[in-house]
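Here the structure is laid out as structure tokens; the discussion comes afterwards.
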Amino acid sequence: MTSEVSRRDFLKASAAGAGFVLTFRIAGGAMSAAEAAGAWEPNTVFTIDPSGIITVHITKAEMGQGVGTALAQIVAEELEADWRDIRIDYPTSDPKYGLMLTGGSWSVNWTFDALSRAGAGARHLLIEAAAKHMNEPASECIAEGNRVRHLPSGKFLTYGDIVSKGLITATLSDEELKKIQLKKPAEYKVIGKWIQRLDVPEKTNGRAKFGIDRFLPGMVYAKVIYPPTRTGSKVVSVDDSEAKKVKGYISTVREGDIVAVVAENYLAAVAAQGKMRVTWDKGPHANVTTESITQDYWNKAKNDTSSPSWVDVGDADGALAKSMKTHEAAFWTDYVGHAPLEPMNCVARYQDGTFDFFSGSQFQTRAMGDLSKLFGVKPEQIRVHQQYLGGGFGRRLEPDVMLEAGLIAKAVGKPVKLIRSREDDIARDFYRSCTLQVLKGGIDSSGAVIAWKNTLVCAYPGERYGGLDKQGRDQFSLNGSDHYYDIPNQFVRAIRAETGMEVGYVRAVAPNYTFFAVETFVDELAHLAGVDPLEFRLRMLGGAPRLQNALRLVADRAGWDRRSSLPKNVGLGIAGVTAQEKASPTWTATVIQARVDPDTGAVRAEKIWCAVDAGLVVNPDGVRNQMQGSLLFGLSNALKERATVKGGQIAQSNFHEYQLLRMNEMPDDVEVYVVQSTEYPTGVGEPGVTTVLPALSNAIFAASGARVRTSPYLPDRVLKALREQKA
């Protein structure tokens with residue numbers, strides 16, 4: 001199999017030289033009186049103040065997933081903290097935090113060990129300091145509930161006492177931290193427990209501040225006049241004579257091909273934007289359409305023999321030639337947007353050579369690196385003041401709105417607030433690439449799959465992140481096509497197709513389309529072999545027992561054996577995936593019960609069952625919430641979400657055209673079963689999404705006998721498949 005670029009190398013390249021903080025040196029040293037009166041910050045993870053309050057610094061984005069609570073639980077467990085004294089905050093970006101990135105279901109997975117050791121190391125220093133002060137052996141002292149107690153005598157010091165007295169004088173090196181014995185899962189008191197999310201109270205009482213809620217003294221408002229094509233347009237001329245007549249108009253800013261108006265308030269900025277007359281050279285992509293992209297993709301799939309492989313095992317062509325039965329199918333996915341409820345926004349301030357950005361970011365490190373280069377300043381002169389995110393799903397990995405706001409703020413010499421309209425937000429999104437996957441499979445006389453070929457055509461976001469490997473491949477655009485099935489001869493060709501439409505990483509990234517093709521095609525091969533789709537999968541997953549277990553569990557909960565007794569036009573479909581990456585898979589299996597209306601082609605998912613093995617679970621309720629959310633996100637992708645291209649730009653303007661699944665279209669029930677495990681934790685923000693497209697496609701087939709291989713499953717597409725099936 002072709003070797004992949006590691007995710008760490010990929011992200012190191014995009015992090016502008018910032019390293020990973022995988023362990024945290026625990027600082028000590030005698031504190032001054034001023035420091036003692038303040039707080040003890042033993043590392044970049046948390047601070048303890050003289051009252052004993054512990055504030056865990058969350059360097060991840062909070063966009064509804066409750067990540068801060070889970071990360072605080074990890075710290076509190078090893079620190080032996082009283083949960084009532086735990087607080088969280090979201091610090092301003094700083095190189096000292098290392099990689100500040102939220103995506104890929106990585107938050108707990110990447111930080112569990114480091115956060116555990118940060119808490120354990122601090123606990124060790126607290127015990128040593130307290131024991132010395134009490135003139136007792138440290139071996140006779142324990143930490144519990146924010147205090148250090150001497151067991152024989154019962155004497156104790158609170159963490160607040162230790163901090164306020166400045167008793168800590170020792171330090172721990174990285175090597176010493178690595179040697180600390182962490183707790184065993186059986187010893188956990190906080191990890192694995194349901195704990196109410198720490199961000200909920202302020203989100204219900206109005207204190208929570210999202211990016212759109214931020215105001216600064218002397219702030220003005222800006223609106224950008226965006227080009228008629230997604231990329232490639234150049235400004236020819238600007239006429240702002242009518243915009244100047246708008247009450248509250250301040251100025252026009254032109255920086256290269258960015259044109260903006262600045263006004264005293266938001267409504268004046270909107271009015272002035274509407275009066276601007278910008279003449280554009282539309283550039284090389286002015287005639288790009290969905291039809292031209294489709295034709296280009298098919299041409300590449302049929303004719304490209306030079307693009308690199310992603311998987312190359314055995315002899316796929318030779319095995320196909322020897323197969324008793326062969327099958328071929330093509331799968332298409334349309335462009336899909338992020339569609340966060342809160343539109344992209346930023347407040348920017350330029351003062352004394354330093355830029356301050358008040359916005360919700362999923363990738364503060366990238367913002368610091370990219371913006372420092374663009375503005376010609378050091379990374380530490382770029383400060384991202386993290387706000388709550390009203391939805392992210394990968395959209396806020398991109399710093400584009402910060403760039404625009406920063407350019408305007410520097411030009412006008414005042415803090416600037418930039419809020420995109422919904423129309424601007426949809427037009428300027430970084431969509432999940434449309435994709436074409438052409439699969440061929442071969443079965444031998446025993447019904448075993450012996451040959452597998454996949455030609456995968458898509459665009460790559462990774463170049464903006466500096467993350468393409470030496471062969472020009474973007475692993476996050478290809479993951480999932482390298483599945484776990486035991487097939488001796490496999491070949492996947494990765495064909496890059498750029499069309500002038502900027503693409504990005506949308507929740508679940510590549511596996512949302514790769515597993516659509518893989519898991520639907522496996523179902524089709526099972527039908528060809530005359531074998532139950534569940535049993536067919538289990539036979540080929542000898543190297544993935546945890547996925548086998550998840551498939552069995554979800555099939556049992558869904559009542560897989562009752563399929564023959566379901567009403568007419570109702571069927572069950574199944575899919576099992578490894579989610580984001582083979583390096584740290586979250587084993588996930590889903591069954592969907594769907595009803596197909598044979599007269600209209602309408603599809604309704606009546607119920608969803610999902611089993612997930614994400615290793616050790618930090619907060620069970622958070623896992624269930626995330627899995628339910630990802631399943632419904634995937635269902636919206638599968639049934640509604642489609643962006644088309646006309647004239648080099650997305651044709652849809654708002655949610656009346658870019659449709660999302662509505663409340664009355666949701667399933668009657670979504671059941672999530674979390675597998676109990678003591679394995680190292682993985683992630684749960686995205687896995688559910690990747691199961692829905694194939695499970696629903698397979699359910700449609702079970703209900704109607706028709707295969708729908710184009711996503712989303714719009715009624716006209718289902719009707720077409722039904723007619724083809726009858727013919």
| note | Phi angles of region 550-560, converted by Karplus (6.51 cos²θ - 1.76 cosθ + 1.60, θ = phi - 60°) into ³J(HN,Hα) in whole Hz with x for Gly and Pro, give 5, 5, 4, 4, 5, 5, 5, 5, 7, x, 4
| If we sort 233-239, 329-335, 308-314, 695-701 on the protection proxy, mean other Cβ atoms within 10 Å, highest first, what's the order? | 695-701, 329-335, 308-314, 233-239
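Given R₀ = 35 Å, what would the calculated FRET efficiency be for Ala186 paired with His133, taking r from the Cβ atoms and rounding to 0.05?
On the way: r = 32 Å, r/R0 = 0.92.
Efficiency for this residue pair is about 0.65.
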| request: Mind checking which aspartates and glutamates have their Cα closer than 13 Å to the Cα of Lys179? Skip sequence neighbours fewer than 8 apart in that chain. | output: Asp113
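For n ≥ 4 DSSP H runs only, could you compute -39500 (n - 2.57) per run for the chain, divide by its residues and tell me the 222 nm figure to the nearest 500?
Taken over the chain, the calculation gives -9500 deg cm²/dmol.
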| request: Would you give the gap between the C-alpha center of region 659-675 and the C-alpha center of region 251-329, rounded to a whole Å? | output: 31
| request: Counting only C-alpha contacts under 8 Å and six or more residues apart, can you give the relative contact order of the chain as a whole percent? | output: 15
| With each pseudo-label sitting 7 Å past Cα toward Cβ, what's the Val200-Asp312 distance in nm, one decimal? | 5.3
| request: Enumerate the lysines that Lys96 could reach by cross-link, defined here as Cα to Cα under 22 Å, with residues fewer than 8 away along the same chain left out. | output: Lys12, Lys60, Lys178, Lys373, Lys378
| What does the charge count near Phe112 come to, summing +1 for each Lys or Arg and -1 for each Asp or Glu among other residues with Cβ under 15 Å from its Cβ? | +1
| task | Note the listed values [x] 44, 37, 22; [y] 45, 39, 29; [z] 47, 33, 25, then indicate which one is semi-axes √(5λ) of the Cα gyration tensor in Å calculated from this particular structure. | result | [x]
| task | Evaluate the distance, in nm, between pseudo-label points positioned 7 Å from the Cα of Trp298 and of Asp597 along their respective Cα→Cβ axes. | result | 3.0
| query | In straight Cα distance, which lysines are under 17 Å from Lys183, not counting same-chain residues fewer than 8 positions off? | reply | Lys193
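Among Phe156, Phe358, rank each residue by its count of other Cβ atoms within 10 Å, from fewest to most, as a rough exposure measure.
Arranged by neighbour count, lowest to highest, Phe156, Phe358 become Phe156, Phe358.
How many lysine pairs in region 195-292, separated by 8 or more positions in sequence or lying on different chains, have Cα atoms less than 13 Å apart?
Values: Lys223/Lys275; Lys234/Lys282; Lys244/Lys275; Lys245/Lys275; Lys247/Lys275.
Counting lysine pairs in region 195-292 gives 5.
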| Pairwise label distance in nanometres, Lys179 with Leu216, each label 7 Å out on the Cα-Cβ vector | 4.8
| request: Quote to one decimal, in nm, the extra length available between Asp668 and Asp486 on full extension: 0.36 nm per residue of separation minus the C-alpha distance between them. | output: 61.9 nm
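So in the chain, what percent of DSSP beta bridges are antiparallel if you round to the nearest 5? Present the calculation step by step, with values, prior to reporting the outcome.
Numbers: 80 of 109 bridges.
Given both bridge residues lie in the chain, the antiparallel proportion sits at roughly 75 percent.
What is the order of Asp315, Asp240, fewest Cβ neighbours within 10 Å to most?
On the way: Asp315 15, Asp240 20.
By the 10 Å Cβ count, ascending, the order reads Asp315, Asp240.
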| message | Which of Ile495, Ile191 has the fewest other C-beta atoms within 10 Å, and how do the rest follow up to the most? | response | Ile495, Ile191
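Just so you know, all these numbers are worked out from the coordinates, no wet-lab data involved. Computed from a predicted model, the values in this text were never measured in an experiment. Methodologically, a virtual Cβ is constructed for each residue, glycine included, from the backbone with ideal geometry; neighbour enumeration extends over all protein chains shown.
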